[in-house]
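Each remark here refers to the structure printed beneath this line.
Nothing in this text is a laboratory measurement; each read-out follows from the coordinates by a stated rule. Model, not experiment: these values are computed from the prediction. Glycine gets a Cβ as well: all are built from the backbone with ideal geometry, and neighbour counts include every protein chain shown.
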Amino acid sequence: MDTTTLKSTALSETHIALGAKMVPFAGYNMPVSYAGLNEEHLTVRNGVGVFDVSHMGEFILKGDRALDLIQYVTSNDAAQLYDGRVQYSCLPNGQGGIVDDLLVYRMDEKTYMLVVNASNITKDWNWIATHNTFGVDMKDISDRTSLLAVQGPKAIFALQKLTSENLSEIPYYHFKKGTFAGCENVVISNTGYTGAGGFEIYFDNEVADKIWKAVFEAGEEFGIKPIGLGARDTLRLEMGFCLYGNDIDDTTSPIEAGLGWITKFNKDFIDKERLLQHKEGGVSRKLVAFEMIDRGIPRHDYEIVDAAGNVIGKVTSGTQAPSLQKGIGMGYVQTAHAKIGTEIFIRVRDKSLKAQLVKLPFFKA
């Protein structure tokens, strides 16, 4: 891809100045690594690291019937939200698949923020807008919003210096809106995609440099480092978190993907009847997690076979896990082969390497 056509975040020049290896990702010029994937991964697991994830999309939905629209287009029960609460959900596509997975933030009774994947911003916007028969005011604030994911067990100690909000009183999947690093109207969210603890910070592009510098000064004593998207992927995979485009997409049902827990049938929503059939009648394949027994690194699209060499599925995500020093992966297999403890084989080039189905997460702190 011609890099001149790529979008930049407010911090792209900062990453380049820091020597980051930049790559095209979801139409953006993004840092994939700085010091190297393994080092960055372990920095987040053991200390604190900062991801620029400003490429993510943010929509504001506002109005008397904002909740009605969200309830209809998402699978989870957003009526359970209250001010300051966040919910993981997905957008069913009307054909048994998933438009995208997303976070729903309740700002107040009539105002919600949806956080969507960068590669799906236009697709998601059009999908939700098409179903907006509720008179809800929709605003796409993606291009003016920056987002830092400050992750790791020491993140809270660094960030607490920058706000009067008591971060230890923000439970998991909750947020506060307040002053941060001297900037107003910053959303401080106890969410993340690493399983290492930490916060996600949403703010206007205009204060991106100021907040970046403040976060790194506050974290200096804890060995804070910038982290690229490569380590973000290995960290999320060690936790078994789905990645849209790999583990879930327009062809995968949330029930197949193990996302029944975000699919609530106590309300009317797109694809309710079909997904209820998936839940009650069973599905022909399931997303499973596996650890390599033989030495080898599973990769996206590698075939999964049984002992006789019959193809029973395909790898959707795989890596050599830096925290575990072994190959791990996820993939879809025929339901008959989906029981934890089942021995499977991953076809790597012309070899079938032994692996075993395990329970998530791979990494247990």
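Largest GNM mean-square fluctuation across Asn185, Asn117, Asn93, computed for the chain with C-alpha springs under 10 Å, falls on Asn185. Between Ala196, Ala149, Ala26, the residue with the greatest mean-square fluctuation in the GNM of the chain (Cα pairs under 10 Å linked by springs) is Ala26.
The aspartates and glutamates whose alpha-carbon is closer than 16 Å to the alpha-carbon of Lys267, local same-chain residues fewer than 8 away aside, are Asp68, Asp77. Once both labels are positioned 7 Å from their Cα atoms along Cα-to-Cβ, the gap between Lys161 and Ala308 label points is 6.3 nm.
Which residues make up the longest stretch of the chain that has no trypsin sites (Lys or Arg not before Pro) in a DSSP loop with at most 12 other Cβ atoms within 10 Å?
Working: sites that count: Arg295, Lys339, Arg349, Lys359, Lys364.
Maximal segment without exposed cleavage sites: 1-294.
Stretched out straight at 0.36 nm per residue, the stretch from Leu18 to Asp137 would grow longer than its current Cα-Cα span by 38.8 nm. Based on Cα contacts under 8 Å between residues 6+ apart, the chain shows a relative contact order of 17 percent. With a threshold of 29 Å on the Cα-Cα distance, the over-threshold entries among Lys314/Lys359; Lys123/Lys154; Lys154/Lys176; Lys123/Lys359; Lys264/Lys354 are Lys123/Lys154; Lys123/Lys359; Lys264/Lys354. Which net charge results for the neighbourhood of Glu238, defined as the other residues with beta-carbon distances under 13 angstrom from its beta-carbon, given Lys and Arg at +1 and Asp and Glu at -1? Computed value for this residue: +3.
With only Lys, Arg, Asp and Glu charged, each at its Cβ (+1 for the first two, -1 for the last two), find how big the charge dipole of the range 72-125 is about the Cα centre; round to the nearest 20 debye. Please report the intermediate quantities before stating the final value.
Details: 4 positive and 7 negative charges, 11 e Å.
The dipole of the range 72-125 has a size of about 60 debye.
Full extension of the chain segment joining Thr5 with Asp64 gains 17.3 nm, where the gain is 0.36 nm per residue of separation less the Cα-Cα distance.
Dipole magnitude of the range 285-365 about its Cα centre, charges +1 at Lys/Arg Cβ and -1 at Asp/Glu Cβ only, in debye to the nearest 20?
Details: 13 positive and 7 negative charges, 33 e Å.
Charge dipole of the range 285-365: 160 debye, to the nearest 20.
Working note: Debye formula, equal point scatterers on the alpha-carbon atoms of the chain, no solvent; log10 I(q)/I(0) at q = 0.06, 0.08, 0.09, 0.13 Å⁻¹ is -0.23, -0.41, -0.52, -1.10.
Given the DSSP H assignment, sum -39500 (n - 2.57) over each helix run of at least 4 residues in the chain and divide by its residue total; what's the result at 222 nm in deg cm²/dmol, nearest 500?
Values: 8 runs with 72 residues, N = 365.
Computed mean residue ellipticity for the chain: -5500 deg cm²/dmol.
Relative to the compact globular guide of 2.2 N^0.38 Å, what is the alpha carbon radius of gyration of the range 285-365, as a ratio?
Ratio of Cα Rg to 2.2 N^0.38 Å: 0.96.
When you filter the chymotrypsin sites (Phe, Trp or Tyr not before Pro) in the range 259-319 for DSSP loop state and at most 16 other Cβ atoms inside 10 Å of their Cβ, you are left with Phe265.
Placing unit charges on C-beta atoms (Lys and Arg positive, Asp and Glu negative, everything else neutral), compute the dipole magnitude of the range 1-62 about its Cα centre in debye, rounded to 20. If you can, show how the numbers build up before the last one.
Working: 4 positive and 6 negative charges, 30 e Å.
Dipole about the Cα centre, nearest 20: 140 debye.
Can you tell me how much longer the chain between Asn38 and Asn205 gets when fully stretched, taken as 0.36 nm per residue apart minus their C-alpha distance, in nm with one decimal? Walk me through the numbers before you get to the answer.
Values: separation 167, 0.36 × 167 = 60.12 nm, distance 2.99 nm.
Length gained, Asn38 through Asn205: 57.1 nm.
Only one residue of Cys183, Leu357, Phe59 has its Cα farthest out toward the positive end of the dipole of the chain, where Lys and Arg carry +1 and Asp and Glu -1 on Cβ, and that residue is Leu357.
If Lys and Arg each add +1 and Asp and Glu each add -1, what is the summed charge of the other residues whose beta carbon sits under 13 Å from the beta carbon of Asn205? Numbers along the way, then the final one.
Numbers: positive: Lys7, Arg144, Lys210; negative: Glu13, Asp52, Glu58, Asp143, Asp204, Glu206, Asp209.
After counting each charged neighbour, the total is -4.
Using a simple spin-label model with pseudo-atoms 7 Å out from Cα toward Cβ, Ile293 and Ala336 lie 2.0 nm apart. Give me log10 I(q)/I(0) at q = 0.11, 0.21 Å⁻¹ for the range 171-319, Debye formula, one equal scatterer per alpha-carbon, no solvent. With no solvent term, the Cα-only Debye profile gives -0.66, -1.33.
With the charge dipole of the chain set up from +1 on Lys and Arg Cβ and -1 on Asp and Glu Cβ about the Cα centre, the Cα lying farthest toward the positive end among the listed residues Ala257, Trp127, Tyr82 is that of Ala257. Each residue, Tyr82 and Glu220, gets one label point 7 Å from its Cα in the Cβ direction; the gap between the two is 4.1 nm.
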